[in-house]
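The values are calculated or read from the model by the stated rules, or taken from the named source; none is laboratory data. Source: prediction; values computed, not measured. Ideal geometry is used to build each Cβ from the backbone, glycine not excepted, and the neighbour counts take in all protein chains shown. Only protein heavy atoms, including side chains, enter the accessible area calculation; ligands, DNA and RNA are left aside. Shrake-Rupley method; radii C 1.70, N 1.55, O 1.52, S 1.80 Å.
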Amino acid sequence: MQYSVGDNVVHPHYGPGRIASIENRELLDGLKRYYVIEILSKGLTLRMPVGNADEVGVRLAMSQSRFPQVLTMLRRRPHLLPEDYRERQEQIVTQLKTGRVMQLARVVRDLTWHRHLAHLTKTDTDLLKQGLELLAAEMALASGDTVSDASKLIEAAMTAAMASQLA
């Protein structure tokens, strides 16, 4: 897929950002085109060859109209995660690597519930934090809000879901 300057995109490893420009760079094997992506939540500028975008898994960021679906996912009953920490973490890492917003919401929901029902290892806690940061950053990019505001929205949805499920 081709992207234009100003498009909001998500890089599966670095998170959401905006295409700031498209540059041509002369390299040993000829002229190459690069997307210059500003990852605002991390204060990072990423240059990625245009031809690698699909292979890497770069996608358009969600629109604000998708918020209700994300919040619904957060409020659903969780899928129980494997008790074996290795199996659980492998499953979570696989979901995070997709960079897909609904997978991120699922990770946040399931790990939050797992924390409540059992406990999280240090790695589980780090994966939950990573999922929350990526999800909040994409929601903030889509809405124009701050990452902090998006994080509060996610936290409120999870708190309400847990209260209603445990009542």
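I'm trying to understand the selection: among the residues of region 91-106, which are farther than 17 Å from Y14 by Cβ and either of a type in the set (A, V, I, L, M) or free of Cβ contacts under 8 Å to residues at least 12 places away in the same chain (or both)? Residues satisfying the conditions are Q91, I92, T94, M102, A105.
Which residue, of P68, P16, is open to solvent by less than 50 Å² (accessible area, probe 1.4 Å) and either within 30 Å of T159 (Cβ to Cβ) or touching an Asp or Glu at 6+ places or on another chain (Cβ under 8 Å) (or both)? Working first, answer last.
Working: P68 fails: open to solvent by less than 50 Å² (accessible area, probe 1.4 Å).
Going through P68, P16 in turn, the sole match is P16.
Kindly indicate whether S143 is of a type in the set (S, T, Y), open to solvent by less than 60 Å² (accessible area, probe 1.4 Å) and closer than 27 Å to V9 by Cβ. Spelling it out, S143 is indeed of a type in the set (S, T, Y), open to solvent by less than 60 Å² (accessible area, probe 1.4 Å) and closer than 27 Å to V9 by Cβ.
Would region 46-58 turn up any residue that is touching a helix residue (DSSP H, G or I) at 6+ places or on another chain (Cβ under 9 Å), among the basic types (K, R) and either over 30 Å from L166 (Cβ atoms) or open to solvent by 20 Å² or more (accessible area, probe 1.4 Å) (or both)? No, that holds for no residue.
Look at T72 and say whether it is over 12 Å from the mean Cα position of the chain (by Cα) and polar (S, T, N, Q). So T72 passes the test.
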